Amino acid sequence: MMELKRVYWSRKALRLAYAAVMMWLGISVFLALMPKPTEVSGTGISSVTEVLRGMLESVLAAAALPGAFLVVLIIVAAVIRAQDLRRRDPVRRFTRQQRREGMARAAGLCEMEAGFRRRCSRPAEHGDHFYPWSKGGSTSLQNFVAACPRCNRAKGARIPSPGQQERIERRRRDYVAPNGPFSVGERQPLP
Ligand SMILES: [Zn+2]
């Protein structure tokens, strides 16, 4: 539970920071390219190359700081991606036994969310990795969610939100055997 919160929100923050830095970079470059009053009303002697060099210099100066932030963010994203790769479960497909147990636990119906945060409940055909396999999710019963083809496709390789996890676990109390288990989601440890 806490782990998903950390993983989900840190990645969300990274995407937000990336968007902000790109905007900062774009605005900085745009402002640097705006003609300056001195240049417009200049003597007219400055050659084209001088003007271009001046523009290039001001663009580079304006882009330096946001550019440095951008490089840092790109490095952080690369480290996260490399760690996801190292976490990957060598086994990707659920075993027959896991599928059988996972489907029985869900009574053969999709456990994912359709509109209004309610259970989808269409006939399930797939075993979905709650934590996506590509992002280090385990191929285990704990990480198994019964899904219909539509929900399975819609989810893709996105990491579900902590809210979605909480709601699946709450809904499971209604249809899983009274002694559970109700919890969902498992992530491979770093080797
Ligand atoms: Zn569904």
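Coordinate-derived values only; no laboratory data. Everything numeric here is computed off the predicted structure, so don't read it as measured data. All Cβ positions, even for glycine, are placed from backbone atoms using ideal geometry, and neighbour counts span all protein chains on display.
Give, as ranges by residue number, the residues of segment 135-154 whose backbone N falls under 20 Å from the point 7 Å along Cα→Cβ of R170.
Counting only backbone N, you get 145-146.
Have a look at F182, G163, A61 and report the one farthest towards the positive end of the charge dipole of the chain, computed about the Cα centre with Cβ charges (Lys/Arg +1, Asp/Glu -1).
Projecting each Cα onto the dipole axis, the largest value belongs to F182.
Long-range amide H contacts for R187: which residues qualify at under 5 Å (H placed 1.01 Å from N, peptide plane, sequence gap of 5 or more or a different chain)?
Those lying under 5 Å, H to H, from R187 are S138.
Excluding G156 itself, calculate the net charge of residues whose Cβ lies under 14 Å from the Cβ of G156, where each Lys or Arg counts +1 and each Asp or Glu counts -1. Present the calculation step by step, with values, prior to reporting the outcome.
Working: positive: K135, R150, R153, K155, R158; negative: D128.
Neighbourhood net charge equals +4.
What is the angle, in °, between the Cα long axis of helix 48-87 and the longest principal axis of the Cα atoms in the chain? Nearest 10 is fine, range 0 to 90.
With rounding to tens, the tilt is 20 degrees.
Quick one: Karplus J couplings for segment 106-120, per residue in order, coefficients 6.51, -1.76, 1.60, θ = phi - 60°, nearest Hz, x for Gly and Pro?
Residue by residue, segment 106-120 yields 9, 6, x, 10, 4, 9, 7, 9, 9, x, 6, 6, 9, 5, 5 Hz.
Looking at the chain, how many pairs of lysines come closer than 17 Å at the Cα, when each pair is eight or more places apart or spans two chains? Present the calculation step by step, with values, prior to reporting the outcome.
On the way: K5/K135; K12/K135; K12/K155; K135/K155.
Lysine pairs meeting the criterion: 4.
Using 1/(1 + (r/R0)^6) with R0 = 45 angstrom and r between the beta carbons of V59 and N179, what's the FRET efficiency to the nearest 0.05? List each step's numbers first, then the result.
Numbers: r = 65 Å, r/R0 = 1.45.
The computed FRET efficiency comes out at 0.10.
Enumerate cysteines in the chain without a disulfide-compatible partner, where compatibility requires another Cys Cβ under 4.7 angstrom.
Here C151 come out as lacking a disulfide-compatible partner, given the Cβ-Cβ threshold of under 4.7 Å.
Hey, what number do you get for the chain at 222 nm if only DSSP H runs of n ≥ 4 count, each worth -39500 (n - 2.57), divided across all residues, to the nearest 500?
Values: 6 runs with 107 residues, N = 191.
Theoretical 222 nm ellipticity from helices: -19000 deg cm²/dmol.
Looking at segment 49-122, which chymotrypsin sites (Phe, Trp or Tyr not before Pro) are DSSP coil and have at most 12 other C-beta atoms within 10 Å of their C-beta?
F116
Where does segment 2-87 land on the Kirkwood hydrodynamic radius, alpha-carbon pairs, in angstrom?
Numbers: mean 1/r = 0.0638 Å⁻¹.
Taking every pair of different Cα atoms in segment 2-87, averaging 1/r and inverting gives 15.7 Å.
Please compute the length gained on full extension between L190 and R6, using 0.36 nm multiplied by the number of residues separating them and subtracting their Cα-Cα distance. Write down the numbers at each step before the final one.
Numbers: separation 184, 0.36 × 184 = 66.24 nm, distance 1.57 nm.
Here the answer is 64.7 nm.
Might you report the magnitude of the Cβ-based charge dipole of the chain about its Cα centre, with Lys and Arg at +1 and Asp and Glu at -1, to the nearest 20 debye? It would help to have the intermediate numbers written out before the result.
Details: 32 positive and 15 negative charges, 232 e Å.
Dipole of the chain, to the nearest 20 debye: 1120 debye.
Rounded to the nearest 10 degrees, what's the angle between the helix 162-175 long axis and the longest principal axis of the chain, both from Cα atoms, 0 to 90?
10
Step through the residues of segment 22-32 one at a time and calculate ³J(HN,Hα) from phi using the Karplus curve (6.51 cos²θ - 1.76 cosθ + 1.60, θ = phi - 60°), rounding each to whole Hz and writing x for Gly and Pro.
Along segment 22-32, the couplings run 4, 5, 4, 4, x, 5, 4, 5, 4, 5, 5 Hz.
Measuring from label point to label point, each 7 Å out along Cα→Cβ, what is the T95 to L14 span in nm?
Using points 7 Å along Cα→Cβ, the separation is 3.2 nm.
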